[in-house]
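So the structure is just underneath, and the comments pick up after that.
The values are calculated or read from the model by the stated rules, or taken from the named source; none is laboratory data. Please read all numbers here as calculations on a predicted model, not as lab measurements. Cβ: placed from backbone, ideal geometry, glycine included. Neighbour counts: every protein chain shown. Heads up: the accessible areas ignore ligands, DNA and RNA and are worked out on the full protein's heavy atoms, side chains in. Shrake-Rupley method; radii C 1.70, N 1.55, O 1.52, S 1.80 Å.
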Amino acid sequence: MRLPNYVRDNFKRIIYVRSFRARICLLALVVGVLTSALMRHAIMQTYENRAVKQRTETVQNQLLIVAKHLISNNYFSTYRLQEPSVIASRQGINAELETISNLYEGRIMIIGKNCKVIRDTYGISEGKTIISAEVIKCFHGENTARYDSENGYIEMTIPIASTGTDGKSSVVGVMLASVSDETIVSMMDQMNRNALMLEILMILGIIVASVVFSGVLTKPFKKVYDEILKVKEGTSERAISVPDYVETVHIVDAFNDLLGRMNALNDSRQEFVANVSHELRTPMASLKVLADSLLTQPDVPAELYREFMTDMVSEIDRENRIITDLLALVKMDKTTQDLNIVALNVNDLAELTLKRLRPIARKKDVEITFESVRPVIAEVDEVKMTLIMTNLVENAIKYNKEHGWVKVVLDADHQYFTLEVSDSGVGIPEKDLPHVYERFYRADKSHSREIGGTGLGLSITKSAVLMHKGSITVTSTVGEGSCFTVKIPLNHVSGRGRAERVKKIESEDLTKSEEA
Ligand code: ADP
């Protein structure tokens, strides 16, 4: 089925954004773009402040010179006089003001003591009164300058001060000038364009660098993936090694661990299959030999037939036992959820099991005794608990001497119950003790086969004990006997059950403390 294009595009986009390399690229790009934009903004701002300051100072200097001329020509006291010499000097100063305002594309006003405009280069405000904070401040001797970037002008005030006969200086008027910022703006535009070009080049550089560097940075992860792929495809079975980063070492270590466990599992499975086939084939081979010898001999006497047939039946029984044990073992491999847990009187269960096994014991003249230290009620799976007891007591009878004894002791504390099965049998050599729970392991191979052992009994027993979250231990002395001890919790708590139980206990505690 072909997906619609937009679905595939979106899917690709999600995959791309989820890639570690893409995220590094994106991060580098965001950081790069933000930094270069901030830098451009800061540089432009600094340049603008400097340009405004410079222009303000230049205009102020020029106006200060004019202010001196105003004072030296008594401009304020003579601006109403119409004498030819006064008119000439006034025209000279007006021309100076005109030149400056033309030069800086601005407007200059001379304001007298009573805040009246004496001269306006625009000629529209003469005779009017101007009262503004800047003008008042300036009358107090303070220069002011303000940049209005929105309306595009710099406004400044310059005090016109005269020195009296007593040597004291007083402000007799104020020059209010506003000059255009057009040259600054056009310079700024030009600079902004250049900076933008530079920024674009920088971003392109950052994109290329981030693609290259992210590739270099993520290379070890790609190496890990390639190595795992080789193992997955079966071209390699060796442990992998990518020591580039601490993180890759952790991933690779975990993978190698898993690989080791998988290989061990595979080996044990192969060994198990080999053992199973061998064990199943042995009775078959005996059957074939028995059947062949009957077929190849003419006129076989009836007694021989009977004898051979009896042997064949016992081989079939053996095959049956192996298959039954194998099936029991497979069942044990399932999870603890398959347990059918009920509160059970373990004493009764032990009595019943021993009652069933006593006839077998009697054949070997083995005496079975049962000692119950205290009554035990435990949460167990009845079938599996019977299996545990039967296997241990059966072994204790099987590997016993003529006229020997088997002793079963049941005891408990507030948490666990223990089942001890000791015997006066052949015992298990020390070197075999750690292996008796392995599948198909037999300490005394020929004797075990002779008495019909499959080598699976203790393996099944241990699995059943572990399913009950218990433990099994053995002590033995060759020639004297063995003692198997099983310890199982009285209350069976599964993973979820335990959480619920803890919750219940906690809420009970809470209620108790509230009541208190
Ligand atoms: P099997 O079916 O051969 O009895 P098990 O798994 O029950 O297999 O036991 C493994 C081996 O441990 C036996 O073959 C036997 O050699 C040894 N073993 C088990 N129980 C006893 C015991 N009570 N006394 C002596 N040897 C024992």
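Place a +1 charge on the Cβ of each Lys and Arg in region 190-280 and a -1 charge on the Cβ of each Asp and Glu, then give the dipole magnitude about the Cα centre in debye, rounded to the nearest 20.
480 debye
Please report the relative contact order for region 338-515, taking Cα pairs under 8 Å with a sequence separation of at least 6, and give it as a percent rounded to a whole number.
Over region 338-515, the number comes to 21 percent.
Excluding same-chain residues fewer than 8 positions from LYS223, which lysines have a Cα within less than 18 Å of its Cα?
By straight Cα distance, LYS223 reaches LYS232.
Report the per residue volume, in Å³, of the convex hull enclosing the C-alpha atoms of region 186-328.
It is 169 Å³ per residue.
If you roll a 1.4 angstrom probe over the protein chains with everything in place, what fraction of the accessible area of region 29-179 belongs to carbon and sulfur, to the nearest %?
The nonpolar share, carbon plus sulfur, comes to 54 percent.
Under the rule a/c < 1.5 gives rounded, and otherwise a/b versus b/c splits prolate from oblate, where does region 67-168 land using the Cα gyration tensor?
Taking the square roots of the gyration eigenvalues as a ≥ b ≥ c, region 67-168 is oblate.
Once Lys and Arg get +1 and Asp and Glu get -1 on their Cβ, which of THR121, ALA22, ALA350 lies farthest toward the positive end of the dipole of the chain?
Positive-end residue among those listed: THR121.
Using a basic spin-label model with each label point 7 Å from the Cα along Cα→Cβ, how many nm lie between SER19 and ASP365?
Those two pseudo-labels are separated by 8.5 nm.
With labels modelled as points extended 7 Å from the Cα through the Cβ direction, what inter-label distance (nm, one decimal) is found for LEU304 paired with THR485?
5.6 nm
Taking the Cα atoms of the chain, report the difference between the largest and smallest coordinate on each principal axis, in whole Å and largest first.
Projected onto the principal axes, the Cα atoms of the chain cover 171, 71, 45 Å.
List residues of region 368-401, by number, whose backbone nitrogen lies under 17 Å from a label position 7 Å along Cα→C-beta of THR324.
383-398, by backbone N distance to the label point.
Could you tell me which residue out of ILE65, GLN45, VAL171 lies farthest along the dipole of region 21-187 toward its positive end? Charges go on the beta carbon: Lys and Arg +1, Asp and Glu -1, centred on the Cα centre.
GLN45
Work out the FRET efficiency for ARG358 and ARG238 from their Cβ-Cβ distance, taking R0 = 56 Å, and round it to the nearest 0.05.
The formula returns an efficiency of 0.45 here.
May I ask you to rank VAL289, VAL373 by accessible area, largest first, using a 1.4 Å probe over the protein chains only?
Correct descending sequence by accessible area is VAL289, VAL373.
Quickly work out the VAL373-to-THR78 label distance, labels modelled 7 Å from Cα along the C-beta direction, and quote it in nm with one decimal.
Placing both labels 7 Å along Cα→Cβ, they lie 13.2 nm apart.
What does the accessible area per residue of region 21-187 come to in Å², with a 1.4 Å probe and no ligands, DNA or RNA counted?
With the other protein chains kept in place, region 21-187 gives 58 Å² per residue.
Treating only the Cβ atoms of Lys and Arg (+1) and Asp and Glu (-1) as charged, compute the dipole magnitude of the chain about its Cα centre; round to the nearest 20 debye.
That gives the chain a dipole magnitude of about 1640 debye.
Using DSSP to define loop residues, name the trypsin sites (Lys or Arg not before Pro) in region 361-419 whose beta-carbon has at most 16 other beta-carbon atoms within 10 Å.
Answer in residue order: LYS364, LYS401.
Report, to the nearest whole %, how much of the accessible area of region 247-331 belongs to carbon and sulfur atoms, 1.4 Å probe, protein only.
C and S atoms contribute 62 percent here.
Search the structure for amide H atoms under 5 Å from the amide H of ALA161, placed 1.01 Å from N in the peptide plane, and list their residues when 5 or more places away or on another chain.
Amide H to amide H, under 5 Å and 5 or more residues apart or across chains, ALA161 pairs with VAL172.
With the other protein chains left in place, how much accessible area per residue, in square angstrom, belongs to region 247-331 at a 1.4 angstrom probe?
I get 70 Å² per residue for region 247-331.
Need the full-extension length gain, SER314 to LEU26, defined as separation in residues times 0.36 nm minus the C-alpha distance. One decimal, nm.
Full extension of this stretch gives 96.0 nm more.
Can you show me the helix-derived [θ] at 222 nm for the chain, built from DSSP H runs with n ≥ 4 at -39,500 (n - 2.57) apiece and divided by the number of residues, rounded to the nearest 500.
Computed ellipticity for the chain at 222 nm equals -21000 deg cm²/dmol.
Accessible area of HIS468, 1.4 Å probe, to the nearest 10 Å²?
Per-residue accessible area (HIS468): approximately 0 Å².
Heavy atoms of the protein only, probe of 1.4 Å, neighbouring chains included. What is the accessible area of LEU176 in Å², nearest 10?
Answer for LEU176: close to 20 Å² accessible.
Using only the heavy atoms of the protein chains and a 1.4 Å probe, how would HIS278, HIS414, HIS435 rank by accessible area, largest first?
HIS414, HIS278, HIS435
Apply the a/c threshold of 1.5 to the C-alpha gyration tensor of region 329-467 and tell me whether it is rounded, prolate or oblate.
oblate
Just the accessible area for ASP257, please: 1.4 Å probe, Å², rounded to the nearest 10?
100 Å²
Please enumerate, by chain and number, the lysines with C-alpha under 30 Å from the C-alpha of LYS364, excluding those fewer than 8 residues away in the same chain.
By straight Cα distance, LYS364 reaches LYS355, LYS384, LYS398, LYS401, LYS407, LYS431, LYS445, LYS462, LYS487.
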